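K.L.:
Pasting a structure here, questions to come.
The values are calculated or read from the model by the stated rules, or taken from the named source; none is laboratory data. Just so it is clear, the structure is predicted and the values come from calculations on it, not from any experiment. Positions of Cβ are generated from backbone atoms using ideal geometry, with glycine treated the same way; all protein chains shown enter the neighbour counts.
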Amino acid sequence: MIDKFGRKIDYLRISVTENCNLKCIYCIDENNILNSCNNDILTDDEIVKIATECERLGIKKIRITGGEPLVRKNIESLIYKLKCINGMEEIYITTNGVLLHTKIEDLKKNGLTGVNISLDSLNKDRFKKLTKFDKLQDVLLSIDKALELGLKVKINTVIVDDINKDEIIDFVNLTKDKNLDIRFIELMPIGAAKNYKGTSNEEINQIINKNFKNIKVENKSKRSGPAKYIRIDNYKGKIGFISPISSCFCEDCNRIRLTSTGFLKKCLHYNYGVDLKKHIRSNISDKDLNELIYSNIYDKPQEHLFMEDCDNKENKYMNQIGG
Ligand code: SAM
């Protein structure tokens, strides 16, 4: 469907849990981990009901996120149910990759189109420092397994000044022989991330330009979203830049977010939206649910203003929103 600013909205991000099996320093508030109780969280049937109405409104792509989506019970069957929605074209998952190698075959069988794996360090000790867990080997195994199964694989990397800036070249080098894309995502000042300084994509691009020759700009593909891509000549994978801070891409925004507790969020930056769980649990009709979702999508804010103070700014942590 088209929102009031003429943008085509065809992508729904669904967070299925706030819980996570890693504790990334810029994502989760370690001192205040909120574990929603089961009744707060949408059931599989409720998620499918909302996704079905979203599909009727033109949503064709879903991304499952969290917290860590793979810690949700029966995530494989939820993926299957979402893939079975008539007209739904693509189902992706964003995961930290720790459990992925144990579930990926079933996920693929059940209709998963591709995976985004979040990884901020290729160094065992640093990975542990960033995430509080010694799980790098599991993530690397998951990447290889996903590639072996022929799934689309993207690695999402956040570069934080003074922490992992020296690994930019190593991440780019992963695209040489592996058929995967690396995307550098600028750190947004949300939740715990307010305590850190992210490296701008402009600076990352300069570092890449200094260290590699024959860099080509890639054309935008269908639903490539806000990422701008380059490729080192003859390398298998691309390098993407998602720059919510240094270059606002809101005019191309194509997405809406559903939190695990059933709140339909109009924009990452603001707390605007509607509590769909409340309506579903009061037996709203499909038609009224559809209209409610329509009016909220239609009314998406024009743009985020991360660096400015404003009313209605989101104050949740990223694990509660899903990125
Ligand atoms: N647990 C899953 C994972 O690790 O991919 C899904 C949830 S996690 C919140 C999704 C993504 O958000 C991760 O790639 C993480 O690095 C990113 N993220 C978290 N906080 C962020 C922030 N403040 N700015 C930019 N990206 C952030």
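K.L.:
Which one is surrounded by the fewest Cβ atoms within 10 Å (Cβ to Cβ), of the residues in region 213-226 that are in contact with a strand residue (DSSP E or B) (Cβ under 7 Å, 6 or more places away or on another chain) and assigned to a loop (DSSP other than H, G, I, E, B)? Talk me through it step by step, then tell me what you get.
P.N.:
First pass over region 213-226, keeping only residues in contact with a strand residue (DSSP E or B) (Cβ under 7 Å, 6 or more places away or on another chain): 214-218, 223, 226.
When the remaining residues are screened for being assigned to a loop (DSSP other than H, G, I, E, B), the result is 214, 218, 223, 226.
Values: Asn214: 9, Glu218: 15, Arg223: 13, Pro226: 19.
Here the answer is Asn214.
Residue by residue, here is whether (1) part of a strand (DSSP E or B); (2) buried (at least 17 other Cβ atoms within 10 Å of the Cβ); (3) touching a Leu at 6+ places or on another chain (Cβ under 9 Å) holds:
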| residue | (1), (2), (3) |
| --- | --- |
| Phe241 | yes, yes, no |
| Pro244 | no, yes, yes |
| Ser247 | no, no, no |
| Lys277 | no, yes, yes |
| Ser282 | no, no, no |
| Ile293 | no, yes, yes |
| Asn296 | no, yes, yes |
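K.L.:
Mind listing just one residue for me: the one in region 159-174 that is buried (at least 20 other Cβ atoms within 10 Å of the Cβ) and part of a helix (DSSP H, G or I) and, of those, nearest to the ligand (Cβ to nearest atom)?
P.N.:
So, considering only residues that are buried (at least 20 other Cβ atoms within 10 Å of the Cβ) and part of a helix (DSSP H, G or I), the one nearest to the ligand (Cβ to nearest atom) is Phe171.
K.L.:
Only one of (1) modelled with pLDDT of 95 or more; (2) outside any helix (DSSP H, G or I); (3) away from the ligand (no atom under 16 Å from the Cβ) is not met by Lys210, so which one is it?
P.N.:
(2) is the only condition that Lys210 fails.
K.L.:
Still on this structure: Which residue pairs have Cβ atoms closer than 6 Å, lie 6 or more positions apart in sequence or on different chains, and pair a first residue in region 138-158 that is under 15 Å from Phe127 (Cα atoms) with a second residue that is small (Gly, Ala, Ser)?
P.N.:
So the pair list comes out as Val139/Gly97; Asn156/Ser118.
So that you can scan it fast, the table gives a plain yes or no per residue for (1) within 21 Å of Lys238 (Cα to Cα); (2) acidic (Asp, Glu); (3) in contact with a Pro (Cβ under 8 Å, 6 or more places away or on another chain):
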| position | (1), (2), (3) |
| --- | --- |
| Glu76 | no, yes, no |
| Thr94 | yes, no, yes |
| Ile104 | no, no, no |
| Arg126 | no, no, no |
| Phe133 | no, no, no |
| Asp144 | yes, yes, no |
| Leu149 | yes, no, no |
| Val153 | yes, no, no |
| Asp170 | yes, yes, no |
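K.L.:
May I pose another question? When you go through Tyr235, Tyr229 one by one, which is the residue that is assigned to a strand (DSSP E or B), more than 12 Å from the ligand (Cβ to nearest atom) and of a type in the set (Phe, Trp, Tyr)? Walk me through it before giving the result.
P.N.:
Working: Tyr235 fails: assigned to a strand (DSSP E or B).
Only one candidate qualifies: Tyr229.
K.L.:
Hey, another quick one. Take region 187-207 and flag every residue that is within 12 Å of the ligand (Cβ to nearest atom) and more than 12 Å from Ser246 (Cα to Cα). Spell out how you get there, then give the answer.
P.N.:
Initial filter on region 187-207 (within 12 Å of the ligand (Cβ to nearest atom)): 187-199, 201.
Listed by number, the residues that qualify are Pro189, Ile190, Gly191, Ala192, Ala193, Lys194, Asn195, Tyr196, Lys197.
K.L.:
Can you tell me which residue in region 77-110 is surrounded by the most Cβ atoms within 10 Å (Cβ to Cβ), limited to those that are assigned to a helix (DSSP H, G or I) and within 16 Å of the ligand (Cβ to nearest atom)?
P.N.:
Taking region 77-110 and keeping what is assigned to a helix (DSSP H, G or I), we get 77-83, 100-109.
Subsequent filtering for residues that are within 16 Å of the ligand (Cβ to nearest atom) retains 78-79, 100-104, 107.
Values: Leu78: 23, Ile79: 26, Leu100: 24, His101: 18, Thr102: 13, Lys103: 19, Ile104: 24, Leu107: 23.
The residue in question is Ile79.
K.L.:
Exactly one of (1) over 17 Å from Gly240 (Cα atoms); (2) within 12 Å of the ligand (Cβ to nearest atom) is unmet by Asn156. Its number?
P.N.:
Only one criterion is unmet by Asn156, namely (1).
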